[in-house]
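Colleague: Below you will find the structure I want to go over with you.
The values are calculated or read from the model by the stated rules, or taken from the named source; none is laboratory data. Fair warning: this is a prediction, and the values are worked out from it, not measured in the lab. Because the Cβ atoms are built from the backbone with ideal geometry, glycine has one as well, and the counts that use them run over all protein chains shown.
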Amino acid sequence: MPKPEASSPTPRASAASGVQAPVLIVIAGPAGSGKSTLCDRLVDEVADFRRVVTTTTRAPRAGEAHGVHYHFFTPAEFDAKIAAGEFLEWAWVHGQRRYGTLAASVLEPLARGQSLVLSVDVQGVESFRRAAAAHPVLRRSMSTVFIVVDHERLFARMRARGKDDEAEIARRMATAEAELREAPKFDFIIESRTRDEDFAELLKIVAQARARAVG
């Protein structure tokens, strides 16, 4: 796949110009940590942000639409895109389903100056770090954020969502324990409290990420 940065360099910004550099905010955290809510709110309240639509082989939940919440692919369709080298990252999640991010969904918008936010699991973030070594756009633009939630609060949030049965909640809690061990590798950490406090912290992180991208 052609690399967008080869023909369309990422717009660079400077303090003197007053133009903001595009940034990619990659948010990870356990299920129930509020990462999707933070992504949606950032897009709603900060004008130059757009959410990256990622891909999955799981079935859509009630109210979810293809191309809006996820790109929903069959396993065969997912395999074809892997073979074509179209993914920036992909991984098995919970040993049952695959999730991934198409390169075109990230590199092309950044090259046009579009700031992006997405939520992925910790495996996906590690893949993004590796991809950044090959893509100057990512190296310049990407900042990673991990949301830490204490055990009791996380368990309560998962049950309150009403999306998963007890077996799935237990599986997700086990995954959360493993994910937490990866937190020190992230550029920024949000210690989750209320939704408003978490979003205020994210806005501070965005400001720091923009400063890093300019530098």
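Colleague: Could you grab me the full set of residues in region 61-77 that are of a type outside the set (D, E, K, R) and modelled with pLDDT under 95? So that I can check it myself, show each step before the final result.
Modeller: Taking region 61-77 and keeping what is of a type outside the set (D, E, K, R), we get 62-63, 65-76.
Result: A62, G63, A65, H66, G67, V68, H69, Y70, H71.
Colleague: Would you check which residues across region 46-57 are assigned to a loop (DSSP other than H, G, I, E, B) and touching a residue at least 40 places away in the same chain (Cβ under 8 Å) and list them?
Modeller: Passing the criteria: V46, D48, V52, V53, T54, T57.
Colleague: Can I ask one more? Within region 195-210, identify whether any single residue is surrounded by fewer than 17 Cβ atoms within 10 Å (Cβ to Cβ), at pLDDT below 95, in a loop (DSSP other than H, G, I, E, B) and out of contact with any Cys (no Cβ under 9 Å at 6 or more places or on another chain), and answer yes or no.
Modeller: no
Colleague: Which residue out of A80, A91, A62, A134 is of a type outside the set (S, T, Y), more than 20 Å from A31 (Cβ to Cβ) and outside any helix (DSSP H, G or I)? First the steps, then the outcome.
Modeller: Numbers: A80 fails: outside any helix (DSSP H, G or I); A91 fails: more than 20 Å from A31 (Cβ to Cβ); A62 fails: more than 20 Å from A31 (Cβ to Cβ).
The conditions single out A134.
Colleague: Related question: Right, V125: closer than 15 Å to E179 by Cα and at pLDDT below 90 or not?
Modeller: So V125 does not fit the description; no.
Colleague: For region 181-215: of the residues being out of contact with any strand residue (DSSP E or B) (no Cβ under 7 Å at 6 or more places or on another chain) and among the hydrophobic types (A, V, I, L, M, F, W, C), which is farthest from D121 (Cα to Cα)?
Modeller: The extreme case among them is V214.
Colleague: Among the residues of region 48-71, is any of a type in the set (D, E, K, R) and either under 16 Å from the mean Cα position of the chain (by Cα) or surrounded by 18 or more Cβ atoms within 10 Å (Cβ to Cβ) (or both)?
Modeller: Within region 48-71 (the criterion being of a type in the set (D, E, K, R) and either under 16 Å from the mean Cα position of the chain (by Cα) or surrounded by 18 or more Cβ atoms within 10 Å (Cβ to Cβ) (or both)), the answer is yes, since at least one residue qualifies.
Colleague: Continuing with the same structure: Tell me the residue from F49, F73, F78 that is within 22 Å of P22 (Cβ to Cβ) and among the aromatic types (F, W, Y), please.
Modeller: F49
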